[in-house]
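Heads up, the thing below is written out as structure tokens.
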Amino acid sequence: MGERNTIILAAGKGTRMKSKSYKVLHQICGKTMVDHVLTQVSQLDIQQIVTVVGYGATAVEAELGQRTEYVVQTEQLGTGDAVLRAEPLLQTAQGTTLVMSGDTPLFRARTLAKLFDFHEAQHAAATVLTSQAPDPTGYGRIVRDSSGNLNKIVEQKDATRSEQSLNEINTGVYVFDNQQLFTALHQVTNDNAQGEYYLTDVIEILKKSGAAVAAYQMDDFSESMGVNTRKAQADATKVMQARINNQHMENGVTIIDPASTYIDAGIEIGTDTIIEPGVQLQAGTKIGNECLIGAHSKLVASTLHDGVTVTSSTLDHAEMGDHSDIGPHSHLRPGAKIGPRVHIGNFCEVKQAELGADTKMGHLSYVGNAKLGRGINIGCGVIFANYDGKHKHETIVGDDCFIGSNANLIAPLTIADHSFIAAGSTITDDIDRYEMAIARQRQENKPNYYQKLPFNGTD
């Protein structure tokens with residue numbers, strides 16, 4: 001069989017995207033397009049993966065890291081020239097080389113594996129990956145002979161009326177005998193309107209040399225979708241999202257309305273978890289078993305253990321322990337770590353803070369830069385005042401404390417176990433075990449004050 005190699009073409013700028021970002025770095029479901037391609041290719045038995053970079057080379061290399069080797073196409077002289085840039089790395093390779101674009105994020109590893117297998121079974125010099133298109137407009141057509149063998153690839157502008165009626169199209173993915181690929185590439189010319197070297201010319205060169213050229217038709221046309229515009233990006237996202245959601249449902253997750261549920265690639269979700277409409281689960285998120293993610297919640301790179309309930313809330317780089325709950329309309333910011341069975345109610349915010357098991361924060365409170373023990377009651381409107389205008393300071397609260405409503409805790413501060421803070425207090429000093437702290441102005445009532453006002457309620 002020989003070794004298998006892959007060349008990913010990622011040198012183009014993508015002007016039709018009208019973006020400062022390079023085309024292959026635009027995301028589909030939380031992952032760049034070129035990363036999607038590399039991820040699928042990496043699942044195959046590949047000896048070498050070479051990515052051709054050009055525009056944004058540094059950014060592409062930073063995105064993909066050491067998962068691939070790189071060559072640079074300094075001038076955009078066409079797909080044939082781009083593939084030729086990989087010759088120094090692959091010129092001695094014996095076997096098969098896959099060539100595909102970095103802006104085709106929907107291809108699956110299993111489809112590419114079938115293409116390799118078909119090519120090798122045919123003992124072909126080149127095999128074109130094709131598909132039946134519902135609307136072939138704009139695609140190169142596959143013309144077969146009476147025996148079903150590949151005759152030629154004809155671009156739409158050059159196709160006859162009968163050829164334009166064909167629905168089998170060229171997806172732009174090929175496998176080649178590696179040695180014959182580079183031999184043919186040196187024969188490609190740029191004698192065309194664009195002055196570019198086209199990879200498709202290799203097919204005709206190989207045919208004329210008498211080498212076998214084949215075409216393998218895949219089952220799912222949607223995999224071949226390339227992304228050159230924002231509209232195409234949205235279309236590809238819709239396909240990928242449906243694929244992701246279907247996989248989670250097959251794995252035992254209930255998704256109430258898949259059409260309005262947005263789950264990025266690579267997210268883990270446990271069985272018997274329920275996801276309501278409008279939920280966004282972004283890259284890096286991991287959800288345990290039997291969780292409930294309520295409508296319009298957003299989770300970014302967050303971890304939920306088993307039995308967690310999130311009601312219409314936002315979590316960003318946060319963690320929630322077993323059987324804890326939050327919401328509605330609360331926010332866990334980066335560094336929030338919520339222990340088992342913790343209750344966080346509505347309109348609460350936690351940032352860079354740990355809440356120990358069985359602690360409760362019912363509503364309208366803020367905890368920042370703090371370590372809280374177990375079994376604490378945090379009353380309504382409690383504020384951990386952690387910022388002095390220049391530095392952040394930490395508050396430590398022991399187990400089984402009671403923090404009354406509308407208390408202000410001015411960091412740095414240490415509150416020992418079993419302490420009690422009276423409602424409305426502003427606490428600036430440490431509190432020892434079993435103490436109650438009360439820090440508020442003694443109430444004074446002014447008699448007959450209302451009658452002394454310029455208006456006395458008679459207006």
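Data for the structure
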| item | result |
| --- | --- |
| Selection within the stretch 240-265 - farther than 15 Å from residue 32 by Cα and in contact with a Ser or Thr (Cβ under 8 Å, 6 or more places away or on another chain) | 245, 251, 252, 253, 254, 255 |
| Candidates 180, 187, filtered to the one that is under 17 Å from residue 78 (Cα atoms), open to solvent by 50 Å² or more (accessible area, probe 1.4 Å) and not in a strand (DSSP E or B) | 187 |
| Breaking point among (1) of a type outside the set (Lys, Arg); (2) under 28 Å from residue 300 (Cα atoms); (3) over 34 Å from the mean Cα position of the chain (by Cα), for residue 384 | (3) |
| Test: residue in the stretch 193-211 that is among the aromatic types (Phe, Trp, Tyr), assigned to a loop (DSSP other than H, G, I, E, B) and either open to solvent by less than 60 Å² (accessible area, probe 1.4 Å) or touching a residue at least 24 places away in the same chain (Cβ under 8 Å) (or both) | yes |
| Test: residue in the stretch 335-345 that is farther than 21 Å from residue 273 by Cα, modelled with pLDDT of 95 or more and of a type in the set (A, V, I, L, M, F, W, C) | yes |
| Elements of type strands (runs of 3 or more DSSP E) contained in the stretch 392-459, each with 3 or more residues being touching a residue at least 60 places away in the same chain (Cβ under 8 Å) and open to solvent by less than 80 Å² (accessible area, probe 1.4 Å) | none |
| Residue in the stretch 332-339 that is open to solvent by 40 Å² or more (accessible area, probe 1.4 Å), on the phi > 0 side of the Ramachandran plot and assigned to a loop (DSSP other than H, G, I, E, B) present | no |
| Condition broken by residue 354, with the remaining ones in (1) part of a loop (DSSP other than H, G, I, E, B); (2) more than 22 Å from the chain's Cα centre (by Cα) satisfied | (1) |
| Meets criteria (among the aliphatic types (A, V, I, L, M), surrounded by fewer than 16 Cβ atoms within 10 Å (Cβ to Cβ) and not in a strand (DSSP E or B)) for residue 121 | yes |
| The stretch 156-177, residues that are farther than 22 Å from residue 92 by Cα, open to solvent by less than 70 Å² (accessible area, probe 1.4 Å) and acidic (Asp, Glu) | 163, 168 |
| Filter result for the condition that a residue is open to solvent by less than 10 Å² (accessible area, probe 1.4 Å) and more than 21 Å from residue 53 (Cα to Cα), over 126, 113 | 126 |
| Residue in the stretch 181-188 that is on the phi > 0 side of the Ramachandran plot and not charged (D, E, K, R) present | no |
| Failed item, numbered, when residue 106 is tested on (1) in contact (Cβ under 8 Å) with a residue 60 or more places away in the chain; (2) open to solvent by 50 Å² or more (accessible area, probe 1.4 Å) | (2) |
| Residue ID - surrounded by the fewest Cβ atoms within 10 Å (Cβ to Cβ), chosen from residues in the stretch 212-229 that are more than 22 Å from residue 181 (Cβ to Cβ) and of a type in the set (Val, Ile, Thr) | 229 |
| Residue in the stretch 98-105 that is closer than 17 Å to residue 219 by Cβ and within 31 Å of the chain's Cα centre (by Cα) present | yes |
| Residue check for residue 151: touching a strand residue (DSSP E or B) at 6+ places or on another chain (Cβ under 6 Å), at pLDDT below 95 and either surrounded by fewer than 21 Cβ atoms within 10 Å (Cβ to Cβ) or not small (Gly, Ala, Ser) (or both) | yes |
| Test for residue 135: is it of a type in the set (Asp, Glu) and either in contact with a strand residue (DSSP E or B) (Cβ under 9 Å, 6 or more places away or on another chain) or part of a helix (DSSP H, G or I) (or both) | no |
| Qualifying residue in the stretch 365-387 (condition: in a loop (DSSP other than H, G, I, E, B) and over 23 Å from residue 325 (Cβ atoms)) | yes |
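For every residue, the table says whether it meets (1) open to solvent by 10 Å² or more (accessible area, probe 1.4 Å); (2) at pLDDT 95 or above; (3) assigned to a strand (DSSP E or B).
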residue: 1; (1), (2), (3): yes, no, no
residue: 8; (1), (2), (3): no, yes, yes
residue: 39; (1), (2), (3): yes, yes, no
residue: 52; (1), (2), (3): no, yes, yes
residue: 62; (1), (2), (3): yes, yes, no
residue: 65; (1), (2), (3): yes, yes, no
residue: 71; (1), (2), (3): yes, yes, yes
residue: 75; (1), (2), (3): yes, no, no
residue: 88; (1), (2), (3): yes, yes, no
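The values are calculated or read from the model by the stated rules, or taken from the named source; none is laboratory data. The structure presented is a predicted model; accordingly, all values stated were derived computationally and were not measured. We place every Cβ from the backbone using ideal geometry, glycine too, and count neighbours over all the protein chains shown. Please note that ligands, DNA and RNA were not included when accessible areas were found on the heavy atoms of the full protein model with its side chains. Shrake-Rupley method; radii C 1.70, N 1.55, O 1.52, S 1.80 Å.
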